[in-house]
1. What FRET efficiency comes out for the pair residue 76/residue 11, r = Cβ-Cβ distance, R0 = 25 Å, nearest 0.05?
2. Which length gain, in nm to one decimal place, applies between residue 217 and residue 312 when the Cα-Cα distance is subtracted from 0.36 nm times their residue separation?
3. Rounded to the nearest 0.05, what FRET efficiency is calculated for residue 42 and residue 112 with R0 set to 41 Å and r the Cβ-Cβ distance?
4. Once the piece of chain linking residue 104 and residue 303 is laid out straight, how much longer is it, given 0.36 nm per residue of separation minus the C-alpha distance between them?
5. In the set (i) 135, 45, 36; (ii) 97, 78, 30; (iii) 57, 51, 37, which value of Cα extents along the principal axes in Å was calculated from the structure you see?
6. Taking only Cα atoms and a 10 Å spring cutoff, compute GNM fluctuations for the chain and point out the largest among 44, 269, 147.
7. Which trypsin sites (Lys or Arg not before Pro) from segment 107-164 combine a DSSP loop assignment with at most 10 other Cβ atoms within 10 Å?
8. Angle between the Cα long axis of helix 3-19 and the longest principal axis of the chain, 0 to 90 degrees, nearest 10?
Amino acid sequence: VVDSALVEDLRALRSFYLLQGFHDVEIGPHELDQRDRNLRLSIPIDEGERRTVGSIGWNGVASLREDRLAEEIPLRTGGPFHPNLADEALNIVRARYRDQGFESVLASVEVDWDDRRRIADVAFHVLEGTQTVVRRIVVRGQQRTSPWLLRRVIEIQAGDPVSRAHLLDIQRRLYALGIFSRVDVEMAQGNLLRGERDVIVRLEEGDRHRLSFGGGFDTEDGFRGLAGYSLGNVAGRAASLHVNTVVGEREELYRLLVRQPSLGAWRFPLTYSIFSSREEETAFDKGFDGDFITEQRGAQVEADWRFEGFRMPVIYTLKDV
């Protein structure tokens, strides 16, 4: 038994009871009883009466559905009440409104107790304010990238609600394409009473061409050299073309790869490749005179399906050995 760990456990136990509505819980003092080489730990608990939620009311909620908000907050009718749970519920309500473009929303919570202060009637008061919607989307700095690709990645359209979280998500998705060296997404100044704002997307496309080369030597395989060339943003669709080759005294590899971020409307990356290789190995059988040579030619398709919290890569390879 470590005293510091025991104190931390008792503190966690008390916090658990408080969040379950047992405001007057008394825990301890604990007792330790040693029998032979074993210790018996005894923790007396007096739970007291529980504070619960009697009802949950909504005032001023017009643009969002009350039942959807009620499903997301941690308070439930008949469930435990604690001020921390009420604060968490209030933060969730504000976040959901801001996700729908209500950046200036004001929300508060009111708690009305019964005479014994055991049952709390909770009421949320919301002043929605003006909803911010997209007036138009303005893209600047686009040179080679396809407008179709940008529309599919940006997703939002004129009339859709927009928030700062939406803008950050758009910026993240554009960077994920790997073809832009800089992306800025912001809302232009507008009439706060009308709520219509322009979304400005500033892009700086990166260098499309990349060349790589190198070489090496080891005593078993001798000299080896490699070279590669990459072409980005092919046809303005964020696809990339890669040519790689490795040439050595005992091996050769030639490979062509094409990567694309999606297949039409389906959002999963695809990689196509064709390859040819030749490798020489010293024969393991002493009775065999000469080297063992392996030659391969083939093609491969790889898809990477991603769902919520789940990823499934699928690879199909066809080769002649």
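The values are calculated or read from the model by the stated rules, or taken from the named source; none is laboratory data. These numbers come from a predicted model, not from an experiment. Cβ coordinates were reconstructed from backbone atoms using ideal geometry, including for glycine residues, and neighbour counts include every protein chain displayed. Calculation scope for accessible area: heavy atoms of the full protein, side chains included, ligands and nucleic acids excluded. Shrake-Rupley method; radii C 1.70, N 1.55, O 1.52, S 1.80 Å.
1. For residue 76 and residue 11, the calculated efficiency is 0.45.
2. Working it through step by step, the gained length comes to 30.4 nm.
3. FRET efficiency, residue 42 to residue 112: 0.55.
4. 67.4 nm
5. Label (ii) holds the value from this structure.
6. Greatest mean-square fluctuation among the candidates belongs to 44.
7. 116, 117
8. It is inclined by approximately 70 degrees.
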